[in-house]
Structure formats: C-alpha cells, structure tokens
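For reference, the structure is listed below as structure tokens.
The values are calculated or read from the model by the stated rules, or taken from the named source; none is laboratory data. All values derive from a computational prediction rather than experimental measurement. Neighbour counts run over all protein chains shown; Cβ positions are idealised from the backbone, glycine included. Remember, those area values only see protein heavy atoms, side chains included, never the ligands or the DNA or RNA. Shrake-Rupley method; radii C 1.70, N 1.55, O 1.52, S 1.80 Å.
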Amino acid sequence: MSDHDVIVIGAGLAGLTAAWRLVQEGVDAVVLEARDRVGGRTLNHHLDDGQVVEAGGQFIGPTQDRILRLAGELGVETFLANTVGESVYVRNGRSRRYRGDIPPDLGALPAIGIATTRLNRMSAQVPVHAPWTASRAGKWDSMTLESWLRSSTPGSGAVDLINIFLGSAFGGAARDSSLLFALWYIATFGNETHPGTLERGIGVARGAQESRFVGGSQELSLRLAARLGDRVRLSTPVDSVRQQTGRVIVGSGTDTVSADAVVVAVPPVLASRIDWEPGLPVQQQGVLQRLPFGALMKCEAIYPEPFWREDGLNGSATFRNGSAICSMFDNTPPSGSPGILMGFLGGPNWHTWSARPARERRGAVLRSFASALGTRALRPTTYFEQDWTSEQWTLGGPTSVAAPGVTTAYGGWHGKRFGRVHWAGAELSPYWNGFMDGAVRSGEQVAKDIVGDN
C-alpha cells in the first residue's frame, strides 16, 4: 500500500487540475483513473493525416476564464469556430438560410423572444452558489421547464427551439429539467463579474461555442498528465473508500492507497456506486443517484474539403422536426482541411436512433446534413460516432440534469465535504456548470480548500 497526502479519483479535467494545483503547492497527490486514458469527457479522434477532431467536449467562449488561463499555462492555443457565411434552419425537411443565433421561425420568434427575456430575468434571481435558497425556489422546483414554457408562451415554438439547444446541452429536453435547475444553469453562463444569460450559452460568436483548442480539447488533459508523470495511474478503477482514524484508504481491486484526504472527481452516478465506509449520508447518496447524465452521441462526417464554405455557408444548422440530429457544426481543423461536419444526436433523438442499426443511423444523419448543405454531404470519405452512453466510466453526457424536487431537497448536499472526502467535477461549479471551464474551476477550488486546511 502506497501513502500520499491526497488521492484524486478521476483523471478528467477536474481531477487533473486539482492534482496539478496541489502538486504546485508541494502536496503529494496521486491520481487514480479507471480508463486507460486521461481526459474524461474530452476525447480526441485521430484522422488519417495525423490531425485530430473532438469526439467529446470541445467548445469554449467568453467568461470561461479558468480554462483559458490553464490553456495558456500549458501552451495550448485556441482558434475561432467557423462563423463565416450563413447558418441553416431546417424544419420538416425544408431549409432556410439565416444569420445570428436564433433560427428564423416566424411563428416561434415571438414566443422564444418572450421566453428568453423572462428566463434571463428569472435566472438573475437564482444564487449561483446556492440555487435552493432563491426566494421562489420551491415553486420553480415543483415544475419542469417544459410545463413553464407551455404555460407562459404561446404555441409550441418556444419549447421546440429550446429543445434544439437542450438536445446537445443536456442530452435531454425541457421536460427532463426542473425550472429551477434550468434557471440556475442559465445563471452559470458567466463569471464573477458577468451575469449569465441564455444568449451567451447558446451563442457562437461571443458565446459558448465561439472557439476550440488547437490539437483538440483532450490536449489539455494530456499535457497535465505529462506534467504529473507517474502520479497518474491508469486502468485503476476505484471500488471502495474507507475512512479510518487519521487516514482514508482507497481500494482498487487488490491494491490499496492511503492518504490524508481524497478528492472524488467522477460523474455523480459513478460516485454513488463506490463502496463507502462509513456510508455516505442518505441525503448525499440521494443527490448522487438523482443526477444522471443525459443521452448524447456525436456523429461526424469527413470530406476532402469543407465544400459548404464555397456556397456561403458556415456549416452550422439547427433542425426542428423530422431530422435525426438537433444541431450541427463545422468541425474542420484549424488547417482548413479536411472538411468535417459534426452533428449532435441527443435526448429524444438519441432514444429514437441509438438502438437502430448503425448503417441506418448513419444514413439518417447524413440525410440531415444534406437537408442543410446539399447532396454532397451524402458522400463523406469517412464517418464515425461517439456514443457517450456506452462509455462505462461516463454513462452519458454531456452533464447532469436535476428533475423537479431534486435541487430544493438535496442541493445543499451536493459537493458537501464528508470527513476526509472532498468533491470535484464540472457538475459542482457555480459557473459554467457541466462545461470544461466548470471542471477546471471545480478542480482549482478543491485544491485551494485542501491547501487551506493544512
């Protein structure tokens, strides 16, 4: 059994950031990772020419200060997502070009305008560090976001357009989230000096999808792991955490590691499956079990060049009704070739298509691409999918969503220290919750807490 100051469980961005900040402070930290790789929900897919494209989390934008600062420290550069040209809105198979972030659905625009204004105003009343303390928390947590939208906006337009965003943001739909959780989620789209807004969360230029990392987002984790060296132990799934007098013992198969403290930086549901001794408080176990990930698959098609740019299109499209995917983006590397289209198959669409034969699903995705960009999209040189629900050590994506009643009943227990056990992860951040920036913020905060204890 090896002994350390701190054991970090999980080598995603949160866990690696926590370990690196601790090591920088002279703390002896070791990272135990179940996978045979680092990066968590960030994953680079290697192309035939040696370039990479992201199969997991990839976008960053304004107010995501922590991950941008970390990238600068690690020497990872960013580049702007392609916004040159027009986007496309596809409804029932019919396409229309537009500019900006809101699709030109004349029937839905009044409703989405009303909803956006009210959601921003209401979210400003939700404390980002403790949403359950909002003055109307009980009322807002008793209903779903969908039920509120249907009761407060005319028609189904607002629900449908919000669901386009949530298909990728939640891997779900407005019916899955309590109104309180949705308002808090919007409130986190900012930082200490810039309040969150829905526009920043859904936007490309000046929004959360503004930029990407050169070399892919997993490059940050790879460089952190390189700096940590043999402190990172792969293929080491943790099955038990036992707190004893003065120490904590972490078990992985027949191996054990001891330390003064442990940081748990894995998805909530996976943390709930660890054998805890003493057992977690019922409320804390309850919140872990009630924060499942959504359902999300990324589907990507590779072409010799980004042909859509020749037609004055930027490769982005949103789909309402009748398409396999909810939204798509130009995922071309910064070199400009090959051309890559990426579509999000999430939430209800994932449930419709995930169990169908891969060939049938591929055809449906490519037809969606073609409905926005033309028939050349039907003929990629390569196509691949990354289904995050099939990842044993993730079980979905991209983030956890709280159903009605969860936040007010259990919110105060999420991330609450338990003896020598500390918690980290994108789902614990008060800003950019569920995003890569949230993971970095969480890792830095837990490292600061531990150093402050010593």
Task: Solvent exposure ordering (accessible area, 1.4 Å, most first) of Thr116, Thr83 - done: Thr83, Thr116
Task: Protein accessible area in the range 97-197, 1.4 Å probe - carbon and sulfur % - done: 57
TODO: Tell me the label-point distance for the pair Arg136, Gln285, using the 7 Å Cα-to-Cβ offset, in nm and rounded to one decimal.
DONE: 3.7
Open item on the list: Between the range 240-311 and the range 381-454, what is the separation of their alpha carbon centroids in Å?
Closed with: 8
TODO: Quote the accessible area belonging to Lys139 in square angstrom, nearest 10, computed with a 1.4 Å probe and with ligands, DNA and RNA left uncounted.
DONE: 130
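Per the Kirkwood definition applied to all pairs of different Cα atoms, how many angstroms is the hydrodynamic radius of the range 104-202? Don't jump to the answer; show the numbers that get you there.
Working: mean 1/r = 0.0742 Å⁻¹.
Evaluated on the range 104-202, it is 13.5 Å.
What number, in percent, do you get for the relative contact order of the range 66-131 if the mean sequence gap of Cα pairs under 8 Å and at least 6 apart is divided by its residue count?
On the way: 23 pairs, mean separation 10.0, N = 66.
Reported relative contact order: 15 percent.
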Task: Using alpha-carbon coordinates, inclination of helix 358-373 to the longest axis of the chain, degrees - done: 60
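When only Cα pairs under 8 Å and 6 or more residues apart are kept, what is the percent relative contact order across the chain?
26
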Task: Option label - Kirkwood radius over Cα pairs in Å computed here, alternatives (1) 24.1; (2) 22.4; (3) 23.0 - done: (2)
Open item on the list: I'd like the distance separating the alpha-carbon centroids of the range 113-185 and the range 69-111, in whole Å.
Closed with: 21
- [ ] Calculate how steeply helix 65-74 sits against the longest principal axis of the alpha-carbon atoms of the chain, using the helix alpha-carbon long axis, and give the answer as 0 to 90 degrees to the nearest 10.
- [x] 70
